[in-house]
């Protein structure tokens, strides 16, 4: 910001035409707004909570000033600035069509570089370089904003996950996991929901994909989608997997003697475990289902429907045979 302000003072010292003076005034306005965002106090007297300083808006305003400076620099500096813009364009823009349009053999930026080198159509070339730099800066702003939103979601997920773990430590009595195998409805339902939520927030922490956020869209709507809607779906997935196991439609968990575990056979997917570890197996399944709720729900529901359809077909065939 200080560097841009010093450059702006240098431009003001030059003899400027009417259009350039207008550009200088726009840059002053943007710099003043950016300075206002950075100098804003963290604490608001009316509302006792921290106020954001909007770093995304600061960078966006400073980038706009940097783009306008292309229209103010001297002709001797324009060629080197255009080369810098071309390098930044190739580093930050990944879409092949956009790259070819601007930096291909007949790209707009390449053509502008040739004209600047020949000292031809300088004013038109300035605006081409400015537009290319704007695309680069917008991509950088968007990437930085996405990184910030993803980090924010991960931080809140870690806080909520830690809170759930603390609550589980203090409020869940000993033997809670063992009760999952016994099937006590109330404690089982609450435990499964808690484990499913833990799996969802753990998934938020470990994901490598960008969370759903639309820049310029309603922030709280997308934040609540990632911190509330998806975890609730994961909690339901944990309960659904538990009910699915109890129905024995897709898989089952059989409590058997440890000595006979190797001899157990079942026609469906079966997990043979000892009585003491049965509750822990349910807990692991609940966390895993919460971790990947959408994929598990989709595949499991499809599997349930197929198995019910097969049973219905068998029932229909047997009824026809009796007739």
Task: helices (runs of 4 or more DSSP H) lying entirely in segment 168-240 (those with 2 or more residues that are at pLDDT below 75 and surrounded by fewer than 18 Cβ atoms within 10 Å (Cβ to Cβ)) - done: 176-182, 185-206
Task: Residue in segment 94-116 that is surrounded by fewer than 13 Cβ atoms within 10 Å (Cβ to Cβ) and closer than 27 Å to residue 23 by Cα present - done: yes
Task: Test: residue 53 is at pLDDT 90 or above, touching a helix residue (DSSP H, G or I) at 6+ places or on another chain (Cβ under 8 Å) and surrounded by 13 or more Cβ atoms within 10 Å (Cβ to Cβ) - done: no
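The values are calculated or read from the model by the stated rules, or taken from the named source; none is laboratory data. None of these values were measured; they are calculated from a predicted model. Every residue, glycine among them, receives a Cβ derived from its backbone with ideal geometry; neighbour counts consider all protein chains shown.
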